[in-house]
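The structure appears right after this line, and notes come after that.
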Amino acid sequence: MRIERLKKTNSTNEYVKKFIKNKEDVIVVADEQTGGMGTKGRSFISEKGGLYFTKLSFYNNFPASESWQIMAGAALAVVKTLLAFGIQAKIKWPNDIIVNGKKICGILISNSFCSQNIDYSIVGIGLNVNNEIAEEIKDIAISTKQVLGKELDIESLLLTLSLNLSAKADINEYRAYSAVIGKKLTVIRGENIFESVAVDILPDGALKLENGELLYAGELNLKIKI
Ligand code: BTN
(Lines give C-alpha, C1' and ligand atoms only; values in the text may rest on other atoms or scores of the structure.)
Protein backbone atom coordinates (compact mmCIF):
# COMPACT_ATOMS: atom_id res chain seq x y z
CA MET A 1 0.00 0.00 0.00
CA ARG A 2 1.11 3.52 -0.70
CA ILE A 3 2.54 5.35 2.34
CA GLU A 4 2.93 9.12 2.08
CA ARG A 5 5.33 10.80 4.52
CA LEU A 6 4.94 14.45 5.44
CA LYS A 7 7.15 16.66 7.59
CA LYS A 8 4.25 18.81 8.72
CA THR A 9 0.54 19.08 7.99
CA ASN A 10 -2.48 20.44 9.81
CA SER A 11 -4.06 17.00 10.27
CA THR A 12 -3.32 13.70 8.52
CA ASN A 13 -7.07 12.88 8.80
CA GLU A 14 -7.76 15.99 6.67
CA TYR A 15 -4.82 15.55 4.29
CA VAL A 16 -5.83 11.99 3.38
CA LYS A 17 -9.16 13.22 1.99
CA LYS A 18 -7.46 14.24 -1.26
CA PHE A 19 -7.13 10.53 -2.10
CA ILE A 20 -10.85 9.80 -1.75
CA LYS A 21 -11.71 10.69 -5.35
CA ASN A 22 -9.24 8.07 -6.65
CA LYS A 23 -10.72 5.39 -4.36
CA GLU A 24 -7.20 4.55 -3.39
CA ASP A 25 -6.18 2.97 -0.06
CA VAL A 26 -3.36 5.00 1.40
CA ILE A 27 -1.50 5.67 4.64
CA VAL A 28 -0.38 9.20 5.50
CA VAL A 29 2.15 9.82 8.26
CA ALA A 30 3.33 13.20 9.52
CA ASP A 31 6.25 14.15 11.77
CA GLU A 32 4.08 16.84 13.31
CA GLN A 33 0.58 18.29 12.99
CA THR A 34 -0.39 21.90 13.45
CA GLY A 35 -4.11 21.20 13.83
CA GLY A 36 -4.27 17.65 15.16
CA MET A 37 -7.89 16.66 15.75
CA GLY A 38 -9.18 14.59 18.65
CA THR A 39 -12.54 13.11 19.48
CA LYS A 40 -15.50 15.25 20.64
CA GLY A 41 -14.15 18.26 18.70
CA ARG A 42 -11.03 18.47 20.87
CA SER A 43 -7.57 19.19 19.52
CA PHE A 44 -4.77 16.63 19.69
CA ILE A 45 -1.33 18.01 20.58
CA SER A 46 0.99 16.62 17.89
CA GLU A 47 4.60 17.66 18.46
CA LYS A 48 7.65 16.18 16.73
CA GLY A 49 8.66 12.74 17.96
CA GLY A 50 5.15 11.25 17.95
CA LEU A 51 3.57 9.01 15.33
CA TYR A 52 0.68 10.75 13.55
CA PHE A 53 -0.83 8.20 11.25
CA THR A 54 -3.96 7.98 9.11
CA LYS A 55 -5.19 5.11 6.98
CA LEU A 56 -7.82 5.59 4.29
CA SER A 57 -9.49 2.28 3.38
CA PHE A 58 -12.22 1.49 0.85
CA TYR A 59 -14.58 -1.44 1.29
CA ASN A 60 -16.91 -3.60 -0.76
CA ASN A 61 -20.10 -4.84 0.88
CA PHE A 62 -19.04 -3.95 4.41
CA PRO A 63 -22.31 -3.63 6.39
CA ALA A 64 -22.70 -0.40 8.35
CA SER A 65 -23.92 -2.51 11.28
CA GLU A 66 -20.36 -3.88 11.58
CA SER A 67 -18.62 -0.52 11.82
CA TRP A 68 -17.50 -1.57 15.28
CA GLN A 69 -14.96 -3.86 13.55
CA ILE A 70 -13.04 -0.81 12.34
CA MET A 71 -12.79 0.74 15.79
CA ALA A 72 -11.86 -2.54 17.49
CA GLY A 73 -9.38 -3.43 14.72
CA ALA A 74 -7.57 -0.11 15.12
CA ALA A 75 -7.40 -0.37 18.92
CA LEU A 76 -6.13 -3.96 18.77
CA ALA A 77 -3.54 -3.05 16.13
CA VAL A 78 -2.11 -0.37 18.42
CA VAL A 79 -2.07 -2.64 21.48
CA LYS A 80 -0.30 -5.42 19.55
CA THR A 81 2.19 -2.96 18.08
CA LEU A 82 3.06 -1.66 21.54
CA LEU A 83 3.38 -5.23 22.82
CA ALA A 84 5.87 -6.00 20.03
CA PHE A 85 8.00 -3.17 21.47
CA GLY A 86 7.69 -4.42 25.06
CA ILE A 87 4.79 -2.27 26.27
CA GLN A 88 1.66 -3.77 27.81
CA ALA A 89 -1.24 -1.48 26.99
CA LYS A 90 -4.98 -1.73 27.55
CA ILE A 91 -8.01 -0.42 25.72
CA LYS A 92 -10.19 2.06 27.54
CA TRP A 93 -13.49 1.48 25.71
CA PRO A 94 -14.08 2.34 23.01
CA ASN A 95 -10.62 3.15 21.72
CA ASP A 96 -8.26 5.07 23.98
CA ILE A 97 -5.05 3.15 24.53
CA ILE A 98 -3.70 3.43 28.04
CA VAL A 99 -0.58 2.41 29.92
CA ASN A 100 -0.30 2.79 33.72
CA GLY A 101 -3.67 4.57 33.71
CA LYS A 102 -2.47 7.27 31.28
CA LYS A 103 -3.32 7.72 27.60
CA ILE A 104 -0.52 6.74 25.22
CA CYS A 105 -2.55 6.81 22.02
CA GLY A 106 -5.80 8.28 20.72
CA ILE A 107 -7.79 7.10 17.73
CA LEU A 108 -10.16 9.20 15.63
CA ILE A 109 -12.30 7.41 13.05
CA SER A 110 -14.74 8.73 10.48
CA ASN A 111 -16.70 6.36 8.31
CA SER A 112 -18.50 7.25 5.10
CA PHE A 113 -21.70 5.33 4.41
CA CYS A 114 -23.37 4.43 1.13
CA SER A 115 -26.89 3.12 1.82
CA GLN A 116 -26.45 0.22 4.29
CA ASN A 117 -22.72 -0.19 3.71
CA ILE A 118 -19.49 1.54 4.69
CA ASP A 119 -17.91 2.99 1.58
CA TYR A 120 -14.63 4.09 3.18
CA SER A 121 -13.10 4.82 6.56
CA ILE A 122 -10.50 7.30 7.77
CA VAL A 123 -8.67 5.87 10.77
CA GLY A 124 -6.39 8.38 12.50
CA ILE A 125 -3.95 7.20 15.16
CA GLY A 126 -1.86 9.51 17.33
CA LEU A 127 0.77 7.70 19.38
CA ASN A 128 3.05 9.40 21.90
CA VAL A 129 6.47 7.97 21.13
CA ASN A 130 9.60 10.11 21.59
CA ASN A 131 7.72 13.41 21.92
CA GLU A 132 7.69 15.38 25.16
CA ILE A 133 4.29 15.34 26.83
CA ALA A 134 2.89 18.88 27.07
CA GLU A 135 2.70 20.29 30.62
CA GLU A 136 -1.10 20.63 30.54
CA ILE A 137 -1.66 16.91 29.90
CA LYS A 138 1.20 15.46 31.98
CA ASP A 139 -1.22 13.92 34.49
CA ILE A 140 -3.25 12.08 31.89
CA ALA A 141 -0.85 11.29 29.02
CA ILE A 142 2.28 9.17 28.67
CA SER A 143 4.78 8.31 25.89
CA THR A 144 6.59 5.11 24.95
CA LYS A 145 9.82 6.94 25.85
CA GLN A 146 8.60 7.46 29.40
CA VAL A 147 7.50 3.83 29.70
CA LEU A 148 10.68 2.27 28.25
CA GLY A 149 13.21 4.89 29.28
CA LYS A 150 14.54 5.02 25.72
CA GLU A 151 13.55 6.27 22.29
CA LEU A 152 11.92 4.01 19.70
CA ASP A 153 12.45 3.93 15.97
CA ILE A 154 9.34 5.53 14.45
CA GLU A 155 9.83 3.70 11.12
CA SER A 156 9.72 0.27 12.81
CA LEU A 157 6.63 1.27 14.78
CA LEU A 158 4.99 2.50 11.60
CA LEU A 159 5.66 -0.74 9.73
CA THR A 160 4.43 -2.92 12.58
CA LEU A 161 1.30 -0.81 12.99
CA SER A 162 0.56 -0.93 9.25
CA LEU A 163 0.82 -4.73 9.27
CA ASN A 164 -1.30 -5.12 12.40
CA LEU A 165 -4.01 -2.89 10.95
CA SER A 166 -4.72 -5.39 8.20
CA ALA A 167 -5.93 -8.03 10.71
CA LYS A 168 -9.63 -8.56 11.37
CA ALA A 169 -10.77 -7.58 14.86
CA ASP A 170 -11.62 -10.36 17.26
CA ILE A 171 -14.08 -9.45 20.01
CA ASN A 172 -12.55 -11.94 22.46
CA GLU A 173 -9.13 -10.42 21.96
CA TYR A 174 -10.62 -6.97 22.37
CA ARG A 175 -12.22 -8.06 25.66
CA ALA A 176 -8.92 -9.53 26.83
CA TYR A 177 -7.20 -6.15 26.49
CA SER A 178 -10.06 -4.17 28.00
CA ALA A 179 -9.19 -1.73 30.77
CA VAL A 180 -12.84 -1.34 31.76
CA ILE A 181 -14.38 -4.81 32.16
CA GLY A 182 -14.88 -5.49 35.87
CA LYS A 183 -14.08 -1.88 36.75
CA LYS A 184 -16.24 0.68 38.53
CA LEU A 185 -16.91 3.58 36.17
CA THR A 186 -18.26 7.08 36.35
CA VAL A 187 -20.33 7.54 33.21
CA ILE A 188 -20.87 11.11 32.01
CA ARG A 189 -23.61 11.36 29.39
CA GLY A 190 -24.56 14.98 28.79
CA GLU A 191 -25.97 16.32 32.07
CA ASN A 192 -26.38 12.81 33.37
CA ILE A 193 -23.62 11.41 35.63
CA PHE A 194 -23.86 7.99 37.23
CA GLU A 195 -21.69 5.18 38.54
CA SER A 196 -21.74 1.55 37.51
CA VAL A 197 -19.54 -1.46 36.82
CA ALA A 198 -18.69 -2.57 33.27
CA VAL A 199 -19.42 -6.29 32.89
CA ASP A 200 -18.90 -7.04 29.19
CA ILE A 201 -18.36 -5.76 25.67
CA LEU A 202 -20.86 -7.21 23.22
CA PRO A 203 -20.07 -8.28 19.63
CA ASP A 204 -21.60 -5.02 18.30
CA GLY A 205 -19.22 -3.02 20.50
CA ALA A 206 -21.74 -2.00 23.16
CA LEU A 207 -20.43 -1.74 26.71
CA LYS A 208 -22.71 -3.62 29.08
CA LEU A 209 -23.11 -2.30 32.61
CA GLU A 210 -24.06 -4.37 35.65
CA ASN A 211 -27.58 -2.87 35.65
CA GLY A 212 -28.04 -4.29 32.14
CA GLU A 213 -27.77 -0.90 30.45
CA LEU A 214 -25.88 -0.81 27.16
CA LEU A 215 -23.59 2.08 26.28
CA TYR A 216 -22.63 2.92 22.71
CA ALA A 217 -19.57 4.96 21.75
CA GLY A 218 -20.35 8.59 21.05
CA GLU A 219 -20.95 11.62 23.18
CA LEU A 220 -20.01 9.82 26.32
CA ASN A 221 -17.22 10.14 28.83
CA LEU A 222 -15.97 7.36 31.10
CA LYS A 223 -13.79 7.69 34.14
CA ILE A 224 -12.35 4.51 35.60
CA LYS A 225 -12.45 4.46 39.40
CA ILE A 226 -9.41 2.92 41.03
C1 BTN B 1 -8.43 11.35 20.62
O2 BTN B 1 -7.98 10.62 21.49
O3 BTN B 1 -9.06 12.35 20.91
C4 BTN B 1 -8.17 10.99 19.18
C5 BTN B 1 -6.86 11.53 18.72
C6 BTN B 1 -6.52 11.14 17.30
C7 BTN B 1 -5.23 11.79 16.85
C8 BTN B 1 -4.80 11.32 15.50
S9 BTN B 1 -3.17 11.87 15.10
C10 BTN B 1 -3.37 11.36 13.46
C11 BTN B 1 -4.78 11.73 13.06
N12 BTN B 1 -4.83 13.11 12.62
C13 BTN B 1 -5.58 13.87 13.42
O14 BTN B 1 -5.78 15.08 13.25
N15 BTN B 1 -6.07 13.13 14.42
C16 BTN B 1 -5.66 11.76 14.33
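The values are calculated or read from the model by the stated rules, or taken from the named source; none is laboratory data. Just so you know, these numbers come straight off a predicted model, no measurement behind them. So basically every Cβ, Gly included, is an ideal-geometry build from the backbone, and we count neighbours across all protein chains shown.
Could you grab me the full set of residues in region 126-153 that are over 16 Å from the mean Cα position of the chain (by Cα) and either within 16 Å of residue 86 (Cβ to Cβ) or among the polar types (S, T, N, Q) (or both)? If the condition is that a residue be over 16 Å from the mean Cα position of the chain (by Cα) and either within 16 Å of residue 86 (Cβ to Cβ) or among the polar types (S, T, N, Q) (or both), then 130, 131, 145, 146, 147, 148, 149, 150, 151, 152, 153 are the ones that fit.
Take the conditions (1) over 16 Å from the mean Cα position of the chain (by Cα); (2) within 16 Å of the ligand (Cβ to nearest atom); (3) touching a residue at least 24 places away in the same chain (Cβ under 8 Å); residue 105 misses just one of them, which is (1). Residue 152 satisfies every condition listed in (1) within 16 Å of the ligand (Cβ to nearest atom); (2) crowded, with 17+ Cβ neighbours inside 10 Å; (3) part of a loop (DSSP other than H, G, I, E, B) except (1). Scan region 7-24 for residues that are in contact (Cβ under 8 Å) with a residue 40 or more places away in the chain and either over 28 Å from residue 114 (Cβ atoms) or within 13 Å of the ligand (Cβ to nearest atom) (or both) and jot them down. Scanning region 7-24 gives 11, 12, 13, 16, 17.
Can you tell which of 125, 107 is part of a strand (DSSP E or B), within 17 Å of residue 31 (Cβ to Cβ) and of a type in the set (A, V, I, L, M)? Let's see the steps before the verdict.
Values: 107 fails: within 17 Å of residue 31 (Cβ to Cβ).
Testing whether each residue is part of a strand (DSSP E or B), within 17 Å of residue 31 (Cβ to Cβ) and of a type in the set (A, V, I, L, M) leaves just 125.
Could you list, in sequence order, all residues of region 113-130 that are more than 17 Å from residue 98 (Cβ to Cβ) and within 16 Å of the ligand (Cβ to nearest atom)? Selection gives 120, 121, 122, 123, 124, 130.
Here residue 168 clears all of (1) part of a loop (DSSP other than H, G, I, E, B); (2) free of Cβ contacts under 8 Å to residues at least 60 places away in the same chain; (3) in the same structural domain as residue 106 (by TED's automatic domain parsing) except the condition numbered (2). Scanning region 25-57 for residues being among the aromatic types (Phe, Trp, Tyr) and either more than 8 Å from the ligand (Cβ to nearest atom) or within 14 Å of residue 161 (Cα to Cα) (or both) gives a total of 2.
Per the listing 198, 167, the residue uniquely within 18 Å of the chain's Cα centre (by Cα) and either surrounded by 12 or more Cβ atoms within 10 Å (Cβ to Cβ) or over 30 Å from residue 130 (Cβ atoms) (or both) is 167.
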